[in-house]
Amino acid sequence: MAASTSRAALLVLADGRFPAGGHAHSGGAEAAVKAGRITSAASLEAFCRGRLHTAGLVAGALAAAAALGCDPRELDAAADARTPSPALRSAARRLGRQLTRAARASWPSAGLDALAGEFPKGAHQPVVLGVAARAAGLGAEDAAYCAVYESVSGAASAVVRLLSLDPFDASGVLARLAPEMDGVVEGAVSAARRVGVEGVAALPAASGPLLEVGAQWHAGWGVRLFAS
């Protein structure tokens, strides 16, 4: 049973200053900028919309399922199966390891301790996020919102640095995408609730091939601003 706590814990978990390591990752934006696919606020919005309905949907469903108490080992295997790129799998586990450390310091729990023991090199970040949300007393929808928002906010923040994009324009992109985030969260939570009956096959498996290809390309760069 998760501890009862304030919904304000969601703000802590989703805060970009929470020491979970996300600031070092661009969500594929750095590769997209170099490839010329992101050049402005308009193309950033298109990129984020694509991430939202693919990586964001999958991450939201995984996080929601973990928050509901589904087996993290099964969810982690499902995350692996939905992440073809070795570079992205590695990045997801690094982020998961860092988030585990931060979450255990913030919301000590048996669930997080067990996760750290089971995955010493880190479970996939959305799975950890869901377990952390559960430890903080948050629900499946909270976990999904956090994962879905992170799927686009990290890229938007990175492009501000990569292109010297006006931060107001980047914030505008996120604001315009907010109604779509609501819809993605609804779909993610609905899928997560079916896992108990249908198994992890109920989780979405939407993919963004350019994100996968770009991640492998980016991993080979000698000099880069972001880890992924």
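The values are calculated or read from the model by the stated rules, or taken from the named source; none is laboratory data. Small disclaimer: the values here were computed from a predicted structure and weren't measured. No Cβ is skipped: glycine too gets one built from the backbone with ideal geometry, and neighbour counts run over all protein chains shown.
What the table shows:
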| quantity | calculated |
| --- | --- |
| Residue selected from segment 15-36 under the condition in contact (Cβ under 8 Å) with a residue 60 or more places away in the chain and closer than 17 Å to Ala105 by Cβ, by the criterion surrounded by the most Cβ atoms within 10 Å (Cβ to Cβ) | Ala20 |
| Residue within segment 186-203 that is acidic (Asp, Glu) and surrounded by 15 or more Cβ atoms within 10 Å (Cβ to Cβ) present | no |
| Any hit, segment 220-228, residues being buried (at least 23 other Cβ atoms within 10 Å of the Cβ) and at pLDDT below 95 | yes |
| Residue match in segment 44-56 (condition: free of Cβ contacts under 8 Å to residues at least 24 places away in the same chain and either polar (S, T, N, Q) or closer than 22 Å to Arg176 by Cβ (or both)) | yes |
| Residue ID - farthest from the chain's Cα centre (by Cα), chosen from residues in segment 1-10 that are small (Gly, Ala, Ser) and at pLDDT 80 or above | Ala8 |
| Helices (runs of 4 or more DSSP H) within segment 110-228 that include 1 or more residues basic (Lys, Arg) | 125-135, 140-163, 167-198 |
| Subset of segment 11-48 [in a helix (DSSP H, G or I), farther than 30 Å from Thr100 by Cβ and either of a type in the set (D, E, K, R) or under 12 Å from the mean Cα position of the chain (by Cα) (or both)] | Lys34, Glu45 |
